[in-house]
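So the structure is just underneath, and the comments pick up after that.
The values are calculated or read from the model by the stated rules, or taken from the named source; none is laboratory data. These numbers were taken from a predicted model, which means no experiment stands behind them. In this analysis, Cβ positions are derived from the backbone assuming ideal geometry, glycine residues included, and neighbour counts consider all displayed protein chains. Calculation scope for accessible area: heavy atoms of the full protein, side chains included, ligands and nucleic acids excluded. Shrake-Rupley method; radii C 1.70, N 1.55, O 1.52, S 1.80 Å.
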Amino acid sequence: MSVLLEVEGLSLRVRRGAEYAYLLERVGFALEVGGTLGVVGESGCGKSMLALALIGLLPRGVAASGAVRLDGTDLLALPERARRATRGRRIAMVFQEPMRALNPTQPIGRQVAEGLRAQLGLGRAEADARARALLDRVGLPAGVASPHTLPHRLSGGQRQRVLIAIALACEPALLIADEFSTALDMGTQAQVLALLAELVAERRMALLMITHDLGLLAQVCARALVLYAGRAVEAAPTAALFAARRHPYTEGLFGCSLHAGHTAPGTRLPTIRGQVPPPFARGPGCCFAGRCGRVEPDCLPEQPPLHAAGPAHRVACLHPVVTV
Amino acid sequence: MIRAVGARLGGMALTLLLGSVIVFLLLNALPGDPALVMLGLDATPDAVVRLHHQLGLDLPLPLRYLRWAGGLLTLHLGTSLTYAVPVSQLLADRLRITLPLAGITLLLSVAIGLPVGVAAAARQGRVSDTAIMVAAQLFKAIPDFWGGVLLILLFALVLHWLPSGGFPGWEPSPLAALRALVLPALALALPQAAILARFMRSATLGALSEDFVRTARAKGLGTQAALWRHAVPNALVPVITLVGIQFPLLLTGTIIVETVFDLPGLGRLVLEAIDQRDLPVVQDIVLLLVGLVVLVNVAVDLAALRLDPRLGGERRA
Ligand SMILES: Nc1ncnc2c1ncn2[C@@H]1O[C@H](COP(=O)(O)OP(=O)(O)OP(=O)(O)O)[C@@H](O)[C@H]1O
Ligand SMILES: [Mg+2]
């Protein structure tokens with residue numbers, strides 16, 4: 001399998017007065033063409049920031065360093081014009097909140113056609129026809145919604161389908177889904193996700209899925225990346241992770257009672273005692289030390305590096321969990 | 001849309017009816033006898049009674065209201081007590097100044113305020129944004145007449161670009177008439193534009209932080225395209241409503257500005273008529289102003305509805 005996306009030493013820095021802090025610190029991973037990667041971690045770990053860094057829409061004041069190579073080209077080194085050409089076209093994104101992610105004043109057909117016109121340079125008629133076909137494909141045929149329908153006439157699930165149509169319009173090679181559809185009820189969520197997975201597989205797109213849902217992770221993603229406080233603490237094939245977690249944080253995240261295959265869709269991450277340290281309160285040592293039951297004095301001076309813990313399994317912990 | 005227009009026109013009729021009752025009651029309860037003003041303080045009681053009868057002031061209030069309202073409906077506006085000409089003719093003359101003045105002011109305030117607000121929002125936090133907002137704060141704080149005097153000083157007395165006041169009439173040269181309206185319209189429009197700019201800035205900033213703008217950027221739209229196609233149309237909805245709310249202020253502003261610039265418009269007429277207790281004129285003008293305000297607000301409502309169809313009230317459960 002050829003590599004599509006290669007992230008290397010990606011750091012995101014913010015400034016407050018004379019102080020600096022890192023929202024992401026030297027994060028690295030790779031994703032093959034058509035591959036699936038799940039990113040998990042508690043709220044505030046930097047998952048959304050990672051997604052925004054990949055698509056190049058970081059908020060003002062957040063500076064990225066490192067490399068984000070797509071097909072060998074480092075996106076971070078590109079000027080904004082060239083970067084923009086990749087948005088929607090090579091990398092697309094679907095967002096969590098279906099109620100707010102669509103422009104309430106514009107008909108859905110136009111919102112789907114807009115990307116086609118901007119990125120593929122299609123004329124109005126052709127873009128409209130393609131938008132119509134896309135809406136059909138995502139399960140919004142003529143009887144259900146017309147291109148002239150306004151978002152407020154649609155249900156949450158239907159809006160989510162429009163968002164899928166928008167993201168898939170230019171057939172990107174990589175789709176990023178940030179907690180996609182988690183605002184929906186279980187049944188609708190399952191339907192929309194099934195559709196997304198089907199379309200991604202059909203078009204051989206790579207999928208980077210940010211989720212809080214371990215069941216979903218098991219179902220959809222071949223590999224998993226665990227983020228904690230802006231750092232990658234564990235990376236492994238999903239099956240291996242469900243079989244044995246090495247980082248105490250991942251173990252806490254999965255919960256002791258959880259075993260591979262026994263996770264129903266919709267299982268939420270159990271909570272761990274304490275909280276993720278905010279960016280400006282992160283010390284030099286292991287970022288999880290303050291909440292870790294296995295902490296030893298050598299955890300404190302510096303951040304443990306990622307090291308191999310099995311086939312394609314890497315963990316950043318000096319005293320990893322050993323399962324019998 | 002047709003239903004929405006119908007509903008608003010119905011509401012407009014109702015507002016006008018209520019407005020006419022209130023205007024009538026207020027003005028007819030006002031102290032000051034028009035007959036005494038017309039005849040002078042040393043008038044004989046006999047003459048006063050005769051004039052009362054002639055003016056219909058001896059009739060009971062409800063009957064007087066009905067005569068007035070009926071006249072309005074059939075476009076018989078009565079006769080001015082002081083000028084002894086039909087009120088309709090008086091209004092038509094004065095409206096030829098005040099309507100263009102209000103129209104130009106409205107256009108100027110929107111044409112200046114909205115782009116400036118969007119520009120400031122697009123430069124949020126930068127020096128140019130701060131400069132724009134400080135200037136807006138300043139213009140907002142300047143009272144209409146004061147701004148007008150400053151404008152006269154600058155453009156008329158220093159630069160000699162525009163006339164300092166007076167109105168040459170439309171007939172000899174429409175251009176000269178227009179030139180006479182530029183300074184008063186600017187004097188009125190600048191504070192309005194400042195208010196609109198500040199509001200448009202915050203509305204645009206709000207819209208820019210919405211998720212759908214991020215969706216637009218993720219499609220590959222540039223910052224400008226995302227701003228103008230997605231943020232601005234959404235930001236316009238509340239701002240347009242504000243234009244409607246501000247319109248009565250603009251009309252009262254014309255009264256002052258017409259005095260400062262010596263324009264024989266509606267504002268001047270209403271001041272004179274109040275001074276003279278010229279009831280028929282005052283009543284009709286006030287109701288006309290109410291009508292204008294209602295009309296502008298209906299237009300504003302419909303424009304907002306076009307921009308944001310969700311306001312139509314038909315929502316999906
Ligand atoms: N514009 C910004 N400037 C500085 N720091 C920010 C900014 N936006 C977010 N952060 C910080 O970045 C950190 C990571 O935020 P992020 O949204 O990526 O978390 P997340 O993992 O996606 O959480 P959630 O699961 O709640 O979505 C948080 O500590 C947050 O406070
Ligand atoms: Mg997030």
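General observations
- Elements of type helices (runs of 4 or more DSSP H) contained in the range B:125-210, each with 1 or more residues being under 16 Å from B:ASP262 (Cβ atoms): B:144-151, B:174-208
- A:PRO141 fulfils the conditions (1) open to solvent by 10 Å² or more (accessible area, probe 1.4 Å); (2) in contact (Cβ under 8 Å) with a residue 24 or more places away in the chain; (3) more than 10 Å from every other protein chain (Cβ to nearest Cβ) except for a single criterion, (2).
- Filter result (hydrophobic (A, V, I, L, M, F, W, C), within 10 Å of ligand 1 (Cβ to nearest atom) and either open to solvent by less than 30 Å² (accessible area, probe 1.4 Å) or under 21 Å from A:LEU214 (Cβ atoms) (or both)) within the range A:24-54: A:LEU24, A:VAL39, A:VAL40, A:CYS45, A:LEU50, A:ALA51, A:LEU52, A:ALA53
- Condition met for A:LEU227 (crowded, with 23+ Cβ neighbours inside 10 Å and in a helix (DSSP H, G or I)): no
- Residue list for the range B:142-162, restricted to those being open to solvent by 50 Å² or more (accessible area, probe 1.4 Å) and under 20 Å from B:PRO100 (Cα atoms): B:PHE145
- Residue that is farthest from the other protein chains (Cβ to nearest Cβ) [pool: residues in the range A:79-91 that are out of contact with any Cys (no Cβ under 9 Å at 6 or more places or on another chain) and open to solvent by less than 50 Å² (accessible area, probe 1.4 Å)]: A:ALA82
- The set of residues in the range A:144-173 being over 18 Å from A:LEU102 (Cβ atoms) and either in contact with a His (Cβ under 6 Å, 6 or more places away or on another chain) or surrounded by fewer than 22 Cβ atoms within 10 Å (Cβ to Cβ) (or both) consists of A:GLU171, A:ALA173.
- Taken over the range A:94-119, residues that are open to solvent by 10 Å² or more (accessible area, probe 1.4 Å) and either in contact (Cβ under 8 Å) with a residue 60 or more places away in the chain or of a type in the set (Gly, Ala, Ser) (or both) amount to 4.
- Against the conditions (1) among the β-branched types (Val, Ile, Thr); (2) more than 13 Å from every other protein chain (Cβ to nearest Cβ); (3) within 16 Å of ligand 2 (Cβ to nearest atom), A:ILE55 satisfies every one except (2).
- A single entry from A:GLY157, A:GLY143, A:GLY215 fulfils the requirement of being touching a helix residue (DSSP H, G or I) at 6+ places or on another chain (Cβ under 6 Å) and more than 16 Å from ligand 1 (Cβ to nearest atom): A:GLY157.
- The C-beta contact set for the range B:163-181 (first residue within 14 Å of B:THR98 (Cα to Cα), second residue acidic (Asp, Glu), distance under 9 angstrom, 6+ apart or interchain) comprises B:GLY166/B:ASP262; B:PHE167/B:ASP262; B:ALA177/B:GLU171.
- Evaluating B:PRO233 against the criteria (1) within 14 Å of chain A (Cβ to nearest Cβ); (2) crowded, with 22+ Cβ neighbours inside 10 Å leaves one unmet condition, (2).
- Residue within the range A:182-191 that is within 13 Å of A:GLN96 (Cβ to Cβ) and more than 14 Å from ligand 1 (Cβ to nearest atom) present: yes
- Test: residue in the range B:216-228 that is farther than 30 Å from B:VAL257 by Cβ and either more than 14 Å from chain A (Cβ to nearest Cβ) or touching a strand residue (DSSP E or B) at 6+ places or on another chain (Cβ under 6 Å) (or both): yes
- With respect to the conditions (1) under 18 Å from the mean Cα position of the chain (by Cα); (2) not in a helix (DSSP H, G or I), A:CYS170 falls short on a single one, namely (1).
- Put simply, of B:ILE245, B:ILE240 the only residue that is in a helix (DSSP H, G or I) and within 13 Å of chain A (Cβ to nearest Cβ) is B:ILE240.
- Some residue of the range A:202-212 being within 16 Å of ligand 2 (Cβ to nearest atom), away from chain B (no Cβ under 14 Å) and open to solvent by 10 Å² or more (accessible area, probe 1.4 Å): yes
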